[in-house]
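Asks: The structure under discussion is supplied below as structure tokens; questions concerning it will follow.
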Amino acid sequence: MESQTNGYHPVLATAQVLIVEDNLINQVVIKQFLMRAGARIDVANNGQDALELLKTKQYDAVLMDIQMPVLDGLQACKQIREQAHLKSLPIIGLSAGVFADEIQQCFDYGMSDFISKPIDPNRLYQTVVNCILQLRPLREHLKSTNTDIADPQKLSDTVLKDLPGFNINKIALLMNDVALTFKLLNLFAVDCRDCSVGLQNEVAMNDFQAAQKRIHAFKGSACTIGADAVFAAAQFLDADLRLGQLHAENYHDFLEVLAETRIYLKQYLDKYESHHRKQSTQQSLQDRPLQDLVILLTEDNAIAQEALKEYLEIFGARIDVANNGQDALELLKTKQYDAVLMDIQMPVLDGLQACKQIREQAHLKSLPIIGLSARVCADTSQQCLDHGMNGCISKTVDPKELVNQITQWIR
């Protein structure tokens, strides 16, 4: 099959795929890959949930993790194949393990193909497409294309270039989305903590079976997220536990690398969050020129109130609303404002008379007051100036122009 642009095949754009995976990090990554290609995705946390979904909905393919709680992938696949209408449904096994016997088990239980974790997007796309179209023999492993799915430069351009024990280029290639990548790293930090506590408890109780399941699941997360150092240590421990034994050296090596990974990860994430907050603040000042300014909007028309309030809040201002000039005078007695936007024609007390009364108060003589009118002409502008306003703006002005004029008078 020829590779498609960006690794996508048209069949993926119409595919309905069920992901059966208990690990949250792997769920997010696989779902993101397939949605990027246009597929519609449902997620089940275990084999039993998958069986329930298959009763009510039709899928083009199922991606099935092997080791899961409640009902594992092998048993779930066996039960699926017992249903006549699902005998030909493509079911693709997923596992961090690449042992020959584990791969053979997938086929023995009726799976169509197998993909090892971490998930390579090209391999994922081609395997799903080939299984759906039945272009190749079920057990033939597909070669990856040379298509670039993502540009790793996007992440490596950040100030956070060095994370000991992690393959940062693998992370960047994985998602090409800085915010999502750091969300996954935060999830992995939780996985590290849970693995450390849970594993030590299980080993203390000599429950090597539970410990092996935990390490296997953790290994999948580590491999997916690019945590190469702790993944390598987990490989040795997983191999021991699969045989029902525990070598003290491998166990303590893993705990040591895991502890170091947690420290490095915390420092890295703290640094990123600090950098992100700084960037956000700088961006806010650039994109929100009215940031933290408190403005009194005096306008009797509800529609105009809502529109102007929304415009100003988008650019960072905090807004109070008065329905007429008298209400504005009352608010000015109790609160300090950076500026007042004052409609000219209002009931009770119009904008011109309200401005005149405001200027009679010594502490408000320099308060920027900007007139608002549906139609601005030379006479209207002059009236505004004569009554003490700083200027007059049309209500129909472009929002950015409105902000520009406000900032001129306020600053």
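The values are calculated or read from the model by the stated rules, or taken from the named source; none is laboratory data. Since this is a predicted model, take the numbers as computed values, not measurements. Neighbour counts run over all protein chains shown; Cβ positions are idealised from the backbone, glycine included.
Asks: Would the stretch 329-337 turn up any residue that is of a type in the set (A, V, I, L, M, F, W, C) and under 45 Å from the mean Cα position of the chain (by Cα)?
Replies: The answer is yes, given that some residue of the stretch 329-337 is of a type in the set (A, V, I, L, M, F, W, C) and under 45 Å from the mean Cα position of the chain (by Cα).
Asks: Please list, ordered by residue number, the helices (runs of 4 or more DSSP H) wholly in the stretch 1-111 having 3 or more residues that are under 19 Å from Gly220 (Cβ atoms).
Replies: Numbers: elements: 10-13, 24-36, 47-56, 73-81, 100-108.
Of the helices (runs of 4 or more DSSP H) lying wholly inside the stretch 1-111, those with at least 3 residues that are under 19 Å from Gly220 (Cβ atoms) span 24-36, 47-56, 73-81, 100-108.
Asks: Pairs, please: C-beta under 7 Å, at least 6 apart or cross-chain, first residue free of Cβ contacts under 8 Å to residues at least 24 places away in the same chain and closer than 13 Å to Ile215 by Cα and in the stretch 240-252, second charged (D, E, K, R) and in a helix (DSSP H, G or I)?
Replies: Pairs that qualify, where the first residue is free of Cβ contacts under 8 Å to residues at least 24 places away in the same chain and closer than 13 Å to Ile215 by Cα and the partner is charged (D, E, K, R) and in a helix (DSSP H, G or I), are Asn250/Asp240.
Asks: A follow-up question, please. Name every residue in the stretch 246-266 that is over 17 Å from Ser196 (Cβ atoms) and modelled with pLDDT under 90, in order of residue number.
Replies: Across the stretch 246-266, there are no qualifying residues.
Asks: Follow-up question, since we're still on this one. Take the stretch 225-255 and flag every residue that is over 34 Å from the mean Cα position of the chain (by Cα) and in a helix (DSSP H, G or I).
Replies: Ala239, Asp240, Leu241, Arg242, Ala248, Glu249, Asn250, Tyr251, His252
Asks: Go through the stretch 85-110 and give me each residue that's of a type in the set (A, V, I, L, M, F, W, C) and either touching a Ser or Thr at 6+ places or on another chain (Cβ under 6 Å) or within 24 Å of Asp238 (Cα to Cα) (or both).
Replies: Answer for the stretch 85-110, where residues must be of a type in the set (A, V, I, L, M, F, W, C) and either touching a Ser or Thr at 6+ places or on another chain (Cβ under 6 Å) or within 24 Å of Asp238 (Cα to Cα) (or both): Ile91, Ile92, Leu94, Ala96, Val98, Phe99, Ala100, Ile103, Cys106, Phe107.
Asks: Further, regarding this structure: Tell me, which residue of the stretch 35-66 that is of a type in the set (Gly, Ala, Ser) and on the phi < 0 side of the Ramachandran plot is modelled with the lowest pLDDT?
Replies: Per the stated criteria, the residue is Ala37.
Asks: Can you report the number of residues in the stretch 7-38 which are farther than 23 Å from Phe188 by Cα and free of Cβ contacts under 8 Å to residues at least 60 places away in the same chain? Don't jump to the end; show me each part of the working.
Replies: Of the stretch 7-38, the ones farther than 23 Å from Phe188 by Cα are 7-18, 37-38.
Right, trim to free of Cβ contacts under 8 Å to residues at least 60 places away in the same chain and you get 10, 13-14, 16, 18, 38.
Number satisfying all stated conditions: 6.
Asks: Return yes or no: is Leu63 in contact with a Phe, Trp or Tyr (Cβ under 8 Å, 6 or more places away or on another chain) and crowded, with 19+ Cβ neighbours inside 10 Å?
Replies: Details: in contact with a Phe, Trp or Tyr (Cβ under 8 Å, 6 or more places away or on another chain): no; crowded, with 19+ Cβ neighbours inside 10 Å: yes.
In short, no.
Asks: Filter the stretch 288-318 down to the residues that are in contact (Cβ under 8 Å) with a residue 24 or more places away in the chain and within 22 Å of Val348 (Cβ to Cβ) and list them by number.
Replies: Of all residues in the stretch 288-318, those in contact (Cβ under 8 Å) with a residue 24 or more places away in the chain come to 288-301, 304, 308, 311-312, 314-318.
If the condition is that a residue be in contact (Cβ under 8 Å) with a residue 24 or more places away in the chain and within 22 Å of Val348 (Cβ to Cβ), then Ile295, Leu296, Leu297, Thr298, Glu299, Asp300, Asn301, Ala304, Leu308 are the ones that fit.
Asks: Name the residue that is surrounded by the most Cβ atoms within 10 Å (Cβ to Cβ), counting only residues in the stretch 67-81 that are more than 14 Å from Met111 (Cβ to Cβ) and either basic (Lys, Arg) or at pLDDT 90 or above (or both).
Replies: Leu71
Asks: Take the stretch 328-378 and flag every residue that is part of a helix (DSSP H, G or I) and within 14 Å of Asn301 (Cα to Cα).
Replies: The one that is part of a helix (DSSP H, G or I) and within 14 Å of Asn301 (Cα to Cα): Gly351.
Asks: So is Val197 surrounded by fewer than 22 Cβ atoms within 10 Å (Cβ to Cβ) and not assigned by TED's automatic domain parsing to the domain that holds Ile119 or not?
Replies: Values: surrounded by fewer than 22 Cβ atoms within 10 Å (Cβ to Cβ): yes; not assigned by TED's automatic domain parsing to the domain that holds Ile119: yes.
It is true that Val197 is surrounded by fewer than 22 Cβ atoms within 10 Å (Cβ to Cβ) and not assigned by TED's automatic domain parsing to the domain that holds Ile119.
Asks: Six or more apart or on different chains, Cβ under 6 Å: which pairs go from a residue in the stretch 218-235 that's assigned by TED's automatic domain parsing to the domain that holds Leu258 to one that's in a helix (DSSP H, G or I) and hydroxyl-bearing (Ser, Thr, Tyr)? Could you list them?
Replies: Val230/Thr261
Asks: Continuing with this model, one more query. Please enumerate the residues belonging to the stretch 362-378 that are in contact (Cβ under 8 Å) with a residue 12 or more places away in the chain and either loosely packed, with under 11 Cβ neighbours inside 10 Å or farther than 20 Å from Leu312 by Cα (or both).
Replies: Leu364, Arg375, Val376
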